[in-house]
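Presented below is the structure to which this report refers.
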Amino acid sequence: MDNNKAAVIKEAHAPITVEPAQSYTPGTGEVLVRNEAISFNPIEAKIQKWDMFKSKYPAITGFTFGGTVLQIGVDVTSVKPGDRVAAARWGWTGGDDRFGAFQQYPLALEQNLIKLDPQGSLEHASGVIANLATAIAAVSICMGLKFPPVTGKAEKTGNKVFIYGGSSSVGGLAVKYASDAGYDVVTTSSPKNWQLVESREPTHIIDHTQSRDKVIAETQAHGPYVGYLEAIGSAEVTELMGELLSEKGGVFFSMSPTPVDGQLARNVEKKFFGYSEVLVSDPENQKARKWYMEEYLPEGLRNGNIFSNPILCVSGGLGAVQEALDLLYDGKVSGQKVVVNPQE
Ligand SMILES: NC(=O)c1ccc[n+]([C@@H]2O[C@H](COP(=O)([O-])OP(=O)(O)OC[C@H]3O[C@@H](n4cnc5c(N)ncnc54)[C@H](OP(=O)(O)O)[C@@H]3O)[C@@H](O)[C@H]2O)c1
């Protein structure tokens, strides 16, 4: 096997350095992957720029990737060398550099990967594996709404859900998921991403580039709602959700804590979770995890019901990891999923 190389954060807040890295042999339940698609998530930029998790340095970060299986460890039965897979770094692997996405030959836990069809897109699968787990945990576990069928759409429940941010990766997946579960979904988009958000099958889209007052008035006019989710995680959106709910009071589920959380009206509650871990790691959700990893996700990728935002491939191999992180940190990603091929 070729020698491994990684995009490393050498110390807190440091820019990425590309350098040789250790080569790994997969242990029990582990799989060695030739990484061909690092799929980027905004939190990875925050981990680098803010030292968000007080990582141990030097650190190989990165949460999701796709590639080809090179070698399997003891007791691995679901994949073999040559299979194409998408993987996420859930549970204890989150703190173990060997499983980081920002390298050419990472390990993955068998339980944290899915096998793709030979023609399946590594970019789309790695782009959704964690973001859709986030949407499912938010909608069906934390908000307590229904699960959709594995294929097709559930009968209409007659209830409406408001999902702010339908053009973000998580927001778009949540809109389609809740729509398939039988809810009428009201969501938001900029005009630029309207068609993309329409493809997620909401019942109504609100232009979130309008003034805050207009967004709130239009959202209220299309209610009432059985649940509120905001899929952006910014201070600005927290304030908007707070104003939206302050008249009658209520709860909304959010993607991120922000500095303005303490300023919300007393009758408004914001709830935040590390959602995908709620689905895959909480012992009481193991049935839902199995349904997601073994049925819903593989079938949805196969039949095209589950798809990521359009892929923005940043060229330059591991040397492009910093550029990809900067795009996310600077808010320059609009209706796209950023991917780097570390083999380039
Ligand atoms: N808690 C968790 O478990 C969890 C898991 C995953 C992600 N997250 C967080 O969830 C957030 C979204 O992640 P993501 O990967 O889905 O993001 P993303 O795809 O990178 O989001 C980009 C989109 O955000 C939209 N946007 C940005 N600011 C906006 C605003 N003020 N109002 C409306 N839309 C706005 C833009 O829409 P337009 O271009 O159309 O304007 C853009 O398309 C991030 O904060 C991330 O860290 C949390």
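The values are calculated or read from the model by the stated rules, or taken from the named source; none is laboratory data. Model, not experiment: these values are computed from the prediction. Every residue, glycine as well, gets a Cβ built from its backbone with ideal geometry; the counts of neighbours run over all protein chains shown. Just so you know, the surface numbers come from the protein's heavy atoms only, side chains and all, with ligands and any DNA or RNA stripped out. Shrake-Rupley method; radii C 1.70, N 1.55, O 1.52, S 1.80 Å.
Assorted remarks:
- Linear extension gain, residue 210 paired with residue 111, 0.36 nm per residue minus alpha-carbon span: 31.3 nm
- Accessible area (Å², per residue) of the chain, counting only protein heavy atoms and a probe of 1.4 Å: 42
- Extension gain, residue 19-residue 299: 0.36 nm per intervening residue step, less the Cα-Cα distance, totals 97.0 nm.
- Label-to-label distance, residue 235 versus residue 96, with points set 7 angstrom from Cα along the beta-carbon direction: 3.8 nm.
- Over 28 Å (Cα to Cα) - which of 5/337; 46/270; 248/332 fall in this group: 248/332
- Rounded to 5, the percent of DSSP beta bridges in the chain classed as antiparallel: 55
- Those residues of the range 214-254 whose amide nitrogen sits under 14 Å from the label point placed on residue 267, 7 Å along Cα→Cβ: 242-251
- On full extension, the segment bounded by residue 49 and residue 119 gains 21.6 nm, given 0.36 nm per residue less the C-alpha separation.
- The overall shape of the range 152-253, judged from the alpha-carbon gyration tensor, is oblate: a/c is not under 1.5, and a/b is no greater than b/c.
- On the chain, 51 percent of the accessible area sits on carbon and sulfur atoms, based on a 1.4 Å probe.
- Pairwise FRET efficiency - residue 75 versus residue 3, Cβ, R0 = 30 Å, nearest 0.05: 0.65
- Cα-centre dipole for the chain with unit charges at Cβ (Lys and Arg positive, Asp and Glu negative), debye to 20: 260
- Loop-located chymotrypsin sites (Phe, Trp or Tyr not before Pro) in the range 39-79, at most 15 other Cβ atoms within 10 Å (DSSP): 53
- 187, 25, reordered so the largest accessible area comes first (probe 1.4 Å): 25, 187
- Using the Cβ-Cβ distance between residue 329 and residue 159 with R0 set to 35 Å, the FRET efficiency works out to roughly 0.40.
- Distance between the range 1-47 and the range 256-311 - C-alpha centres, whole angstrom: 24
- Cα shape, the range 1-120, gyration tensor, a/c 1.5 rule: prolate
- Computed helical MRE - 222 nm, the chain, DSSP H runs ≥ 4 contributing -39500 (n - 2.57), nearest 500: -7500 deg cm²/dmol
- With a cut-off of 10 Å between beta carbons, the residues surrounding residue 52 carry a summed charge of +1, where Lys and Arg count +1 and Asp and Glu -1.
- Each residue was assigned an accessible area with a 1.4 Å probe, and for residue 198 the value is about 100 Å².
- For the range 132-277, share of DSSP beta bridges that run antiparallel, in % to the nearest 5: 0
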